[in-house]
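Heads up: the structure comes next, in structure tokens.
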Amino acid sequence: MIKIIGTGRKLPMRSVLNSELAEMVDTGDEWITSRTGIKNRYVCTEENLTDLAEGAARAALENALISAQEIEMIICATIAGDFSFPSLACCVAERLGIKCPAFDINAACSGFIYGLEIAEAFISKYTNILIIGADMMSRLIDWNDRATCVLFGDGAGACVVTRGDALKYIQSNAAPDTGMLYAKSRSGNSPFSNEKPDAGFAVMQGQDVYKFAVMSVAEEINLALAELNLSAANIDHFVLHQANSRIVDGVRSRLKQPPEKFPTNIAEYANTTAATIPILLDEMIEENRIKSGDTVMMVGFGAGMTTGTCVMVWQ
């Protein structure tokens, strides 16, 4: 079993308000805010994803009061690192100057929860495991497409986990529907292939994603509550993937719980995919909103379509 002993986050320097996007595509602040809850996002200019992942990792290590040399495994949840290979995790290990197992996983926006479940499986062998959720969606979206370019931001969040009894429930899952939200890989220039070059921009069926998110998240929450013999009233904080404020509100309405139990930061950061949950966790801990003994439920959902649900009693 595991517990989280330190969290950290790192965002790019450059922020982009809705008003700036309105100068690029046919949109506006009111249109974006009313449909998504987003007001701002951070976008890499001078930084790359390794910079963000390293920054989040170092902050998590500092908050955990341990050195990089005490980390025995690195798991990076990311859609795409700076290289097809080596992995983002290996890039971070190099920056930190450590030698340990290091690998990436891709469960899209559920990736951080998948990382926690993998860490839980390895914790009997490795004492301290670093989990990073990091994505740079600014290079995967078409900035001429208002349906997607307004939704995403770049960022990284991280945590250090060690042995403990904080984890009460964890479950990752996939209900495959690969056409709902995707970005194709680069096609290369093989002379033996008939495949046409593809820009690899994100494609999303917005209404389908919304319906999947609200229904599947509420279902996964209820499954966890039933397994633990709890009610929604017993949960102090529902830390959901920050994709759209309307999704969070839709889930909250189904559970009949007050808004203060559903923290959000999507207005400031937009959807940073695998990074949203650890970034929000780090903010809440920094602001002393999560206290020892609080029951925290984290739920991710994303392309695949994937889900991941975790319940911890904070220590």
**Asked** part of a helix (DSSP H, G or I) and crowded, with 20+ Cβ neighbours inside 10 Å: does that describe ASP208?
**Response** no
**Request:** Kindly indicate the residue of the range 15-32 that is touching a residue at least 24 places away in the same chain (Cβ under 8 Å) and of a type outside the set (Val, Ile, Thr) and also most open to solvent (accessible area, probe 1.4 Å) among those meeting that condition.
**Result:** ASP26
**Message:** Any residue that is under 14 Å from the mean Cα position of the chain (by Cα), among the aliphatic types (A, V, I, L, M) and crowded, with 23+ Cβ neighbours inside 10 Å - is there at least one of those in the range 248-259?
**Reply:** no
**Unique match (being touching a residue at least 40 places away in the same chain (Cβ under 8 Å) and assigned to a loop (DSSP other than H, G, I, E, B)) among ILE98, ILE118, ILE74, ILE79** = ILE79
**Request:** Find all pairs meeting these conditions: Cβ atoms under 9 angstrom apart; at least six residues apart or on different chains; first residue within the range 227-246 and of a type in the set (Lys, Arg); second residue part of a helix (DSSP H, G or I).
**Result:** ARG246/ARG35; ARG246/THR36; ARG246/TYR210; ARG246/VAL214
**Asked** Is it the case that THR7 is under 23 Å from ASP142 (Cβ atoms) and either touching a strand residue (DSSP E or B) at 6+ places or on another chain (Cβ under 6 Å) or open to solvent by 10 Å² or more (accessible area, probe 1.4 Å) (or both)?
**Response** no
**Prompt:** Under 9 Å by Cβ, and 6 or more places apart or on different chains, what pairs join a residue from the range 292-311 that is under 16 Å from VAL239 (Cβ atoms) and open to solvent by 10 Å² or more (accessible area, probe 1.4 Å) with one that is among the basic types (Lys, Arg) and at pLDDT 95 or above?
**Reply:** THR295/LYS168
**Item:** the range 184-202, subset touching a residue at least 24 places away in the same chain (Cβ under 8 Å) and open to solvent by 50 Å² or more (accessible area, probe 1.4 Å), residue nearest to CYS310 (Cα to Cα)
**Value:** PHE201
**Scope the range 158-203; condition more than 30 Å from PHE122 (Cβ to Cβ) and aliphatic (A, V, I, L, M); matching residues** = MET180, ALA199, ALA202, VAL203
**Complete:** Condition set in contact with a helix residue (DSSP H, G or I) (Cβ under 6 Å, 6 or more places away or on another chain) and in a helix (DSSP H, G or I), scope the range 106-115, selection farthest from MET180 (Cα to Cα): answer is PHE112
**Asked** Assuming LEU181 fulfils every condition listed in (1) open to solvent by 80 Å² or more (accessible area, probe 1.4 Å); (2) touching a strand residue (DSSP E or B) at 6+ places or on another chain (Cβ under 6 Å); (3) of a type outside the set (Val, Ile, Thr) apart from one, which condition is it?
**Response** (1)
**Residue tally, condition over 18 Å from THR309 (Cα atoms) and surrounded by fewer than 20 Cβ atoms within 10 Å (Cβ to Cβ), over the range 263-283** = 4
**Single residue of ALA107, ALA93, ALA119, ALA77 found to be farther than 30 Å from VAL209 by Cβ and open to solvent by less than 30 Å² (accessible area, probe 1.4 Å)** = ALA93
**Asked** PRO176 is checked against (1) modelled with pLDDT of 95 or more; (2) under 28 Å from SER216 (Cβ atoms) and fails just one. What number does that condition carry?
**Response** (1)
**Fill in**
The residue from SER193, SER138, SER187 that alone is of a type in the set (S, T, N, Q), over 30 Å from ASP26 (Cβ atoms) and either more than 20 Å from the chain's Cα centre (by Cα) or part of a helix (DSSP H, G or I) (or both) is SER193
**Complete:** Within the range 5-34, residues in contact with a Phe, Trp or Tyr (Cβ under 8 Å, 6 or more places away or on another chain) and assigned to a strand (DSSP E or B) come out as ARG14, SER15, VAL16
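The values are calculated or read from the model by the stated rules, or taken from the named source; none is laboratory data. Predicted model, so just to flag it, every value in this text is computed and none were measured. Cβ: placed from backbone, ideal geometry, glycine included. Neighbour counts: every protein chain shown. SASA here: full protein model, heavy atoms, side chains in, ligands and nucleic acids out. Shrake-Rupley method; radii C 1.70, N 1.55, O 1.52, S 1.80 Å.
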